[in-house]
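Notes to accompany the following structure.
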Amino acid sequence: MFVPFFDPKGVAIIGASRDPHKLGYGVVRNLVEYRYKGPVYPVNSKANEILGYRCYKSIEDVPDPVDLAVIVVPAKYVVPVLDQCGKRNIKNAIIVSGGFGETGSDGKKLEKQLISKANEYDMRLIGPNCIGTIDTHTPVNTTFVVGMPETGEIGFLSQSGAMVAAVIDWARGAGVGFSRIVSLGNQIDVSETEMLSTMVNDPQTHVITAYIEGVKDGRTFMQEAEIASKKKPVLVLKGGHGKSGAKAVASHTGALAGSDEAYDAAFTHSGVLRADTMEELFDWARALAWQPLPKGNRIAVLTNAGGPAIMAVDALEKAGMNIADLTKETRHYLKKRLPAAASVSNPVDVLAGSGPATYAVALDAILSDPTVDAALVIQAPQDWFLPASLAEVVAEVAAVHDKPVLASIMGKASVDQALAILHQRKVPNFSFPERAASAFAAMLKRMQWLETPNHECHDFLNIDPKSASKAVKNKNFANLLESYNIIQPPSYLSTGPDEAVTYANKIGYPVVLKLASEDLTHKSDVGGVLLNIQNEKEVKRGYKEIISKVKKQHPKAKTEGILVQKMLHHGQEVIVGAKRDDQFGPLVIVGSGGTEVELTRDIATGIAPLTPAQADQLLNKTQAGVRLKGWRDKKPGDRLAVIDAMLRISKIMMDYPEISELEINPLYVLPKDEGAFAVDIRGVIDHHLPVKESVNS
């Protein structure tokens, strides 16, 4: 797909210029200077030749072969130029020109004309307002940016042209090779999702990196990203972490699951690794492109200086890595071969006077140790051997072991030759050791995602589709959850004090009294919840108290009565909820429940439909999940009941697209094997969403 963008048979540059300061000159220069082997056709009605290449008056005069047009003319001329390309039977165009959607409504109108014209001729477009494409292996460079990276294994796609220009310049200075680079611009046609698929199918690209600010179609992006991630690492830096607009929400879930959380969940679901900075993005890319994945999180540190080793250990532990506990045999082996004062426990410190040979012995022993999953080699600057000689040794030892090795030959002025050797031998180097910790964490995360069974089927028992559809139609979320076999404590809606007493006696004391009102979502905030009611007298008094408070504070609020519910003991409060995101569909959250959930924000967000493994991973990310395993005086809670509730909420959201929010807070979790109860339930039906008339479970 899109072969002419990266391996064209011939390239026409419409708007080519003789002026070295013009973009049209830069495109011709790069095609020529970086050894594109096909024909180059500058199109300029006022010039005879540019850089020794004959100029053509119009695209209609350009001979075959030509299957790619790079358009660098003012915005108002692009539509007629595209028409000429279509008549010339050119099916692929890169529109470098700006002045379109990024400028406002008039520019957006021009974009619609471009798409219409492209559809007329069955053309594919990259841009407008983009830099172009690079393939270092073809080679071809259709950009106007000075310079071109070395050939390599990293693919990069970007919605920002400035990021592409910066990466090209950085890559040249850092000596990091790339396979393909593409600037997508305004993406009126070719999107990040399609280009992702193209990168996956390129045999020269081993790792895909991307800078994105948004995606055109969230669900399609997830599907393609997951397919890609199974074949190659996909790393993304997303610009824009802000919350979506000030949209009113009716649940804690609605407030907690924002747009950035949705992207996080989508990336995690699809196996995409999300970096926080450009530096991280390419640190991770080099590690994943060049080294094998670790089989675990046990890291050994080999150093010649204590300070950098301490920095490394701190960073590794912060990133979730463990410092490997070397075997007695390894320590004994090292003790005999390292200087007498050396440390043979992890971190292994060979001391300042040791040379490359000592490093080689120590690194080989460390990587041979079964307790070690990966190694970090640190060398602080010294003046008794060249860093390049250490680089040779590290690369040679790493090559004979199937474990990842990262290096931190520290410094800048004296390490250029060492870096060149390490890059050539595919060992990533980091100027400071703490950066390596982040790369190890990314490698481990990828290994864990690949090993997680994300597609196992889950059989849902005891679901009543007819009752569920009726409950949705009536906006009765308690009945909906009951239809999906999500257990609730015994409860009854009372419309007067005496009826409340009758129900309390039926349930058995103690009970809870809760306001029933669609107008007042957070009942505890208005004094609408009373706990641990012990007898009939307290029921009557409590009923009147709640109604009185609500009428004084919210006289216009409609109340349906008071819910009388069984009081539960000896459990933990968890929130399980779901919200429908405009881009990615239903998001499911889990975390610590109760009235302060928005304050603590102890939540994890996933994308529906969830598998049991994914639900378990989400729960493990939260403090609630830690407590459910048993914490201090708390007995272990029924984690399986929580996971079951998450899966059923996930299924409800998939079955009923008209539900925009659904929440259980709290889900009261009893000790292990004793179940969990949906104590408080709220939800929202959005009539603007498509309604499903029936459900087939």
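The values are calculated or read from the model by the stated rules, or taken from the named source; none is laboratory data. As the structure is a prediction and not an experimental result, all values here were calculated from the model. Note that we place each Cβ from the backbone using ideal geometry, even for glycine, and neighbour counts take in every protein chain shown.
Here is how the numbers come out for the structure above:
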quantity	calculated
Odd one out for PHE460 among (1) at pLDDT 90 or above; (2) in a loop (DSSP other than H, G, I, E, B); (3) in contact with a Phe, Trp or Tyr (Cβ under 9 Å, 6 or more places away or on another chain)	(1)
Subset of the stretch 52-79 that is part of a strand (DSSP E or B) and aliphatic (A, V, I, L, M) - its residue that is surrounded by the most Cβ atoms within 10 Å (Cβ to Cβ)	ALA69
Of residues in the stretch 387-420 being assigned to a loop (DSSP other than H, G, I, E, B) and over 35 Å from the mean Cα position of the chain (by Cα), the one surrounded by the fewest Cβ atoms within 10 Å (Cβ to Cβ)	ALA413
Flag if GLY577 is small (Gly, Ala, Ser), more than 18 Å from the chain's Cα centre (by Cα) and under 19 Å from SER491 (Cβ atoms)	no
Unmet requirement for THR220, which otherwise passes all of (1) out of contact with any Ser or Thr (no Cβ under 8 Å at 6 or more places or on another chain); (2) in contact (Cβ under 8 Å) with a residue 24 or more places away in the chain	(1)
Lone qualifier among ILE168, ILE181 - being among the β-branched types (Val, Ile, Thr) and buried (at least 24 other Cβ atoms within 10 Å of the Cβ)	ILE181
Residue check, ALA257 surrounded by fewer than 21 Cβ atoms within 10 Å (Cβ to Cβ), among the hydrophobic types (A, V, I, L, M, F, W, C), at pLDDT below 95 and within 24 Å of THR600 (Cβ to Cβ)	no
Qualifying residue in the stretch 391-412 (condition: under 28 Å from GLY320 (Cα atoms), at pLDDT 95 or above and acidic (Asp, Glu))	yes
Considering residues of the stretch 196-230 that are assigned to a helix (DSSP H, G or I) and of a type in the set (Gly, Ala, Ser) only, the residue surrounded by the most Cβ atoms within 10 Å (Cβ to Cβ)	ALA225
Matching option when the condition is at pLDDT 95 or above, under 17 Å from the mean Cα position of the chain (by Cα) and not in a helix (DSSP H, G or I), among LEU235, LEU293, LEU281	LEU235
